Structures are given as C-alpha cells and as structure tokens.
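Take a look at the structure set out below.
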Ligand SMILES: *Cc1c(COP(=O)(O)O)cnc(C)c1O
C-alpha cells in the first residue's frame, strides 16, 4: 500500500440498515501488542484471543498479529482454536479450558495444544498418547493462588520429579496482578519461581496484561496479554497507556421533547425536571450495551450508580431512563438544536469515553463490555499495516 490511509474492511450488518456501528482500529491493536511485547522482554509475547478475540473477531485480529510477529495464541475452547488455525495455520495455539474426553480426536487432527490442569486430564492425555502412539504435546497449568484450574504447587513439584512425559509449557495465572500492592502477587510469583526451577528447561508463562506491567523480570519465558492489547486498562488507579482500539456508536432514530413533570422509559424511572430533548438510539442491551448502564438513579438490583454517557457534537450526554433491549435514550437538552439529527451517531465508548469508564458506569469491567458486543452492528476494521 502506498498511502498512509488505513484500509477499511467491513463485516456484520449493512451500514444503511444497522442500529449501531463498531470501528475496530487494527493499527492500534498491533501498536498495543508491539508495546506489550517490548515490555515483556526478555520474555516473548503471545496473544490471548479467546471469546472471539474479546469480541473483536478472531478472523480479523489473528492475521494482523501474525503479521506483527506473534506466533503463539491462547484460546478458551477448541472451536476458537480451529478458527485461529484457519487464518494462521502455522500458529502455535494453546487451549486454556482443560480437556473433555470426547475432544481428543479433534486434537489428533488439528495440532491444537491443550492446557491440562488435573490428574484426570493428564491421565486421559497420556493414556491416549500411549494407545495411539502419537506423542501429542500438552501444556501444564499450575494453580498458584486462583483456585480455578491447575495442579496445586505441591502436586506439580511431585509431578516434575516423577513424570516422563513432560509438558511443553508450564503456566500459571495471576489472580490480583491488576492490584500491584496485593499480597497474593508475591506469593504467586514465589510459587512460580519454584515451578520454573522444578521444570528446568521447559518454557514457562505467568503474566497476563497486568502481570507484564510489574513482573517483567520473573514472568517466565512467555507473556499472555489480552485486555491491554484491546485497549483496556490493565492496572487499577493509573492512567491507561494503551491506545483505544474499539469505538462503539449508536445511531439516532428520533429526537423528541418530553415535558417537565413527565417521565421517560420503562418503569417511569426518569422524572423530567425540565422540558427535555431526548435522542432515541437504535442500540440496547441485546447489542451488549448493558442494562446496568441504565440512567442515573435507575434502580437495578438495588444498585444505584452514575449511569452511562454518550458523546456527540463535542458534548457528553447522559443516558436517560432504562436501557432497553433495542434502544437507549440520551438527554441532549444541553446541545444546540441543530447539532444532532436522526441518522447521526452517538459514541458509547471509544476516543471520547474510555471503554473502562463506560464499564465502570455499568458496574462492570472492560472485558465484559467487549465480550458482550452483539451481532447486529455494522463492523469496520481499519488497517494500514504500518503500525501507526
Ligand atoms: C484471559 C487470560 C489471559 C489474558 O488476561 P488479560 O487480563 O486479558 O491480559 C491470560 N491468561 C489466562 C490463563 C487467561 O485466562
């Protein structure tokens, strides 16, 4: 390509018909991965692309990361792994969510590598290896503090001393890395160093996005960034250094005026304190704009919070009333009348409203907002391939 203009590819709904639009900046994604890979050194960086690459699209995300030099990918499920292989056949793909017995035949044909974390799974795998004569590789998950998946540290140390069929990778997952001061971090890293010594010569991996920011020297040989690559916050309470990757916009259908004393929306929860101009947008919780983003003071499971905001014509505008399945309303009274009309777009998060600020307003996290993004959007992928 000769121009620096990003190339745009589209997916999802027809833009003329869709109620909202998602713009995914693959240049920013690649810049974020490259930054994290640099920060991971001397470890190499992989990329975590589970849950459809955090909602952004495995088929679009994996090829640009491959072009940027990423060779190892982590997914949650076998089906996600097959999708990675379809677009990056030579990629090394680890499947995080353990092993169901019926899945073994798929592994025999797909070259995916399971991450095993219990005696049950390891026995299944090694027995099948013996019976088939195929010495298929596996990774070992060790639980150093999550109490989720993995052998305990004691079990893993014994395993290292006694087993002949060693894993190709030993990994653990950090429970509190986004809170650098948490005492559990230290305990997990100490256990991880013991594991590295016991599994000497075997590739090791501990750091997720947040781990990369404070564990560079002892995070093992391979880092596993996810959320930070997609532009989300990796650390609590510090400015986010990552470039925003995703912009979500909802399309305005109608602008109406509600009169002082009337109410707006289901449950009549929003009492209008003045004549109020309301922009009704064609995006709702069925699209992943969480109902808990409902407007200020809206009761939801007894939680009262600040409520979501949109951004349009240079202004932030609050969500008014409850977010509904297919529609969300914004109070645009403060905007000059001519500055918004049907067919315009209101940003829900992106360059003007940070993903994590929108998530906080929902009582949630950026991970949930991204992985909830629905199928009804028009999707635009921007990519110049120049890393800018
Ligand atoms: C999801 C996940 C990651 C990535 O975590 P982020 O916080 O998104 O960087 C890394 N490792 C494991 C085991 C995971 O499940």
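Scanning segment 92-137 for residues that are more than 22 Å from residue 66 (Cα to Cα), within 25 Å of the chain's Cα centre (by Cα) and within 16 Å of the ligand (Cβ to nearest atom) turns up 97, 98, 99, 116, 117.
Here is a yes/no grid of residues against (1) within 14 Å of the ligand (Cβ to nearest atom); (2) over 17 Å from residue 54 (Cβ atoms); (3) surrounded by fewer than 23 Cβ atoms within 10 Å (Cβ to Cβ):
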{"residue": "166", "(1), (2), (3)": "no, yes, yes"}
{"residue": "191", "(1), (2), (3)": "no, yes, yes"}
{"residue": "199", "(1), (2), (3)": "no, yes, yes"}
{"residue": "205", "(1), (2), (3)": "yes, yes, no"}
{"residue": "223", "(1), (2), (3)": "yes, no, no"}
{"residue": "229", "(1), (2), (3)": "yes, no, no"}
{"residue": "233", "(1), (2), (3)": "yes, no, no"}
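Looking only at segment 19-52, residues that are away from the ligand (no atom under 16 Å from the Cβ) and outside any helix (DSSP H, G or I) come to 9 in all.
Taken over segment 157-169, the criterion of being over 21 Å from residue 130 (Cα atoms) and touching a helix residue (DSSP H, G or I) at 6+ places or on another chain (Cβ under 6 Å) is satisfied by 157 alone.
Set side by side, the residues 155, 121, 165, 131 differ, and just one is without any contact (Cβ under 8 Å) to a residue 60 or more places away in the chain and under 29 Å from residue 371 (Cβ atoms), which is 121. Among the residues making up segment 96-107, those that are in contact with a helix residue (DSSP H, G or I) (Cβ under 7 Å, 6 or more places away or on another chain) and free of Cβ contacts under 8 Å to residues at least 40 places away in the same chain are 99, 101, 103, 104, 106. Within segment 266-285, if we keep just the residues that are over 20 Å from residue 255 (Cβ atoms) and buried (at least 17 other Cβ atoms within 10 Å of the Cβ), the residue that is nearest to the chain's Cα centre (by Cα) turns out to be 285. Among the candidates 53, 37, 31, the residue that is at pLDDT 95 or above and touching a helix residue (DSSP H, G or I) at 6+ places or on another chain (Cβ under 7 Å) is uniquely 53. Only residues that are farther than 14 Å from residue 111 by Cβ, in a helix (DSSP H, G or I) and in contact (Cβ under 8 Å) with a residue 12 or more places away in the chain were counted in segment 69-82, giving 1.
The values are calculated or read from the model by the stated rules, or taken from the named source; none is laboratory data. Remember, it's a predicted structure, so these values are computed and weren't measured experimentally. So basically every Cβ, Gly included, is an ideal-geometry build from the backbone, and we count neighbours across all protein chains shown.
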